[in-house]
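The values are calculated or read from the model by the stated rules, or taken from the named source; none is laboratory data. The structure displayed is predicted, hence computed values, not measured ones. Cβ placement follows ideal geometry from the backbone for every residue including glycine, while neighbour counts extend to all protein chains displayed. Note: areas computed on protein heavy atoms with side chains; ligands, DNA, RNA excluded. Shrake-Rupley method; radii C 1.70, N 1.55, O 1.52, S 1.80 Å.
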Amino acid sequence: MLLAIDMGNTQTALGLFDSEELLHSWRMPTDRTFTKDELHVRLLGYFHKDGFDLAQVNAIAFAGVVPQLMREWEGVAEVLNARLVVVGRATASVTSIDAANPAEVGADRIANATAAAALYGSPSIVVDFGTATNIDVVNEQGAYIGGCIAPGIRVSLDALTARAARLASVPLEAPEQTVGRNTVEAVQSGTVVGAAAMAEGLVARIKRELGRDDARVIATGGLARVVAEATDVFDVVDPQLTIKGICEIYRRLS
């Protein structure tokens, strides 16, 4: 079985695959102090809790943005005697990137573009709500061509509450209406509805630049379902898109 790992700055998503079937997924914090032993213990706990056997994992496919943790995950792969595949230069032969500098494209964006083209067709636009809000654009030929990067919803909300002492942290939920009738609703509108409005505006501009109003729009990331409640701009909501893309890249190499 394959363990696909998408390590972001804030959270790490894990997906267990049997061939192309996603059996189960987990999320854990991205803690830069974790050692390989701590990561191994966490995996054992997750697998045991949900009735899986970690010893059956014979491959790990990895996309990440925190170099110091990459070494620790390499150690986990060694402990499990599992093949390790890292999305990036080593997988360039099975991915398609038509950007000004392919080497600087994040591994998660490569995985998103790969999954979008394979699962939902081309052209397509992926809006990934993570630590940053990334928009990844796939052209008619299925190649990643670029996109947008904006501050993530939680980053924006944390900055707001840190600098405005009278605004307490509020739950990230889509309000019933745009006009907030109290402070909590107003903050929810500004953050969640604001993120939805930004996605709507950027997607509309991208579609015009592509000349393809029929481009599929996919929402992914930990807050995708929350934002999707505030807009109809998305054709598909797939929170597991990135780990599916990692699995697809691994499958192409096998």
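In sequence order, what are the phi-derived ³J(HN,Hα) couplings for the stretch 62-78 according to the Karplus relation 6.51 cos²θ - 1.76 cosθ + 1.60 with θ = phi - 60°, rounded to whole Hz, with x for glycine and proline?
Ordered by residue, 3J(HN,Hα) equals 10, 10, x, 10, 10, x, 5, 7, 4, 4, 5, 5, 4, x, 4, 4, 5 Hz.
In terms of Cα to Cα distance under 14 Å, which aspartates and glutamates are near enough to K207, apart from those fewer than 8 places away along the same chain?
The reachable aspartates and glutamates, counting only those whose Cα sits under 14 Å from K207, are D136, E140, D235.
List every residue whose amide H lies under 5 Å from the amide H of V237, counting only residues 5 or more places away in sequence or on a different chain, with H placed 1.01 Å from N in the peptide plane.
Residues meeting the criterion, in which the H sits 1.01 Å from N, are A219.
I'd like the antiparallel share, as a percent to the nearest 5, of DSSP beta bridges with both residues in the stretch 101-254.
Values: 13 of 20 bridges.
Bridges in the stretch 101-254 are about 65 percent antiparallel.
Note down, for the stretch 1-73, the three equivalent ellipsoid semi-axes (square root of 5 times each alpha carbon gyration tensor eigenvalue), biggest first, whole angstrom.
Working: eigenvalues 75, 36, 24 Å².
One finds semi-axes of 19, 13, 11 Å for the stretch 1-73.
Please state the shape class of the stretch 1-142: rounded when a/c is under 1.5, otherwise prolate if a/b exceeds b/c and oblate if not, all from the C-alpha gyration tensor.
Values: a/c = 1.85, a/b = 1.61, b/c = 1.15.
Note, shape of the stretch 1-142 comes out prolate.
May I ask for the distance between the Cα centers of the stretch 37-86 and the stretch 119-192, given as a whole number of Å?
30 Å
May I ask for the net charge around E176, where only other residues with Cβ less than 15 Å from the Cβ of E176 are counted and Lys, Arg are +1 while Asp, Glu are -1? Kindly include the intermediate steps, with their values, before the conclusion.
On the way: positive: R181; negative: E173, E185, E229.
The answer is -2.
Between A92 and T10, what is the label-to-label distance in nm when each label sits 7 Å out along the Cα-to-Cβ direction?
Distance between label points: 3.2 nm.
Give me D for the chain in µm² s⁻¹, whole number, from Stokes-Einstein with Rh from the Kirkwood sum over alpha-carbon pairs, 4 °C and 1.567 mPa s.
Estimated diffusion coefficient is 68 µm²/s.
By a straight-distance test (C-alpha under 17 Å), which aspartates and glutamates pair with K36 as possible cross-link partners, with residues fewer than eight away in the same chain excluded?
D6, E72, E74, E78
Quote the Stokes-Einstein diffusion coefficient, in whole µm² s⁻¹, for the stretch 64-159, based on the Kirkwood radius over alpha carbon pairs, a temperature of 37 °C and a viscosity of 0.692 mPa s. Provide the component values of the computation, followed by the final result.
Numbers: Rh = 14.7 Å.
Answer, rounded: 223 µm²/s.
Report the gain in length on full extension from D50 to A162: 0.36 nm times residue separation, minus Cα-Cα distance, nm rounded to one decimal.
Values: separation 112, 0.36 × 112 = 40.32 nm, distance 3.75 nm.
Length gained between D50 and A162: 36.6 nm.
For the stretch 49-57, what does the Karplus curve 6.51 cos²θ - 1.76 cosθ + 1.60, with θ = phi - 60°, yield as ³J(HN,Hα) per residue in whole Hz, taken in order and with x for Gly and Pro?
With the stated coefficients, the stretch 49-57 comes to 4, 9, x, 10, 10, 4, 5, 7, 6 Hz.
Any idea what the relative contact order of the chain is, in percent, if you count C-alpha pairs under 8 Å spaced at least 6 apart? Present the calculation step by step, with values, prior to reporting the outcome.
Values: 474 pairs, mean separation 48.3, N = 254.
That works out to 19 percent.
So who's got an amide H within less than 5 Å of the one on F62, skipping anything under 5 residues away but keeping other chains? H placed 1.01 Å off N, in plane.
Amide H to amide H, under 5 Å and 5 or more residues apart or across chains, F62 pairs with I5, V85, V86, V87.
In nm, to one decimal, how far is the R212 label point from the L253 one, both placed 7 Å along Cα→Cβ?
Going from the R212 label point to the L253 one covers 2.7 nm.
Kirkwood hydrodynamic radius of the stretch 192-254 from all distinct Cα pairs, in Å? It would help to have the intermediate numbers written out before the result.
Values: mean 1/r = 0.0776 Å⁻¹.
Here the Kirkwood hydrodynamic radius works out to 12.9 Å.
Counting heavy atoms of the protein chains only and a 1.4 Å probe, report the per residue accessible area for the chain as a whole number of Å². Can you show the working numbers first?
Values: 12460 Å² over 254 residues.
Averaged over the residues of the chain, the accessible area is 49 Å².
Need the list of lysines near K49 for cross-linking: C-alpha distance under 16 angstrom, and skip anything on the same chain fewer than eight residues off.
none
Rg and Dmax of the stretch 130-254, Cα atoms, in Å?
Every Cα atom of the stretch 130-254 included, Rg and Dmax give 16.4, 55 Å.
May I ask for the angle, rounded to the nearest 10°, between helix 241-253 and the longest principal axis of the chain, with both axes built from Cα atoms and the value confined to 0 to 90°?
Relative to the chain, helix 241-253 is tipped by roughly 30 degrees.
Share of the chain's accessible area from carbon and sulfur, percent, 1.4 Å?
Details: 5850 of 12460 Å².
Carbon-and-sulfur percentage of accessible area, whole number: 47.
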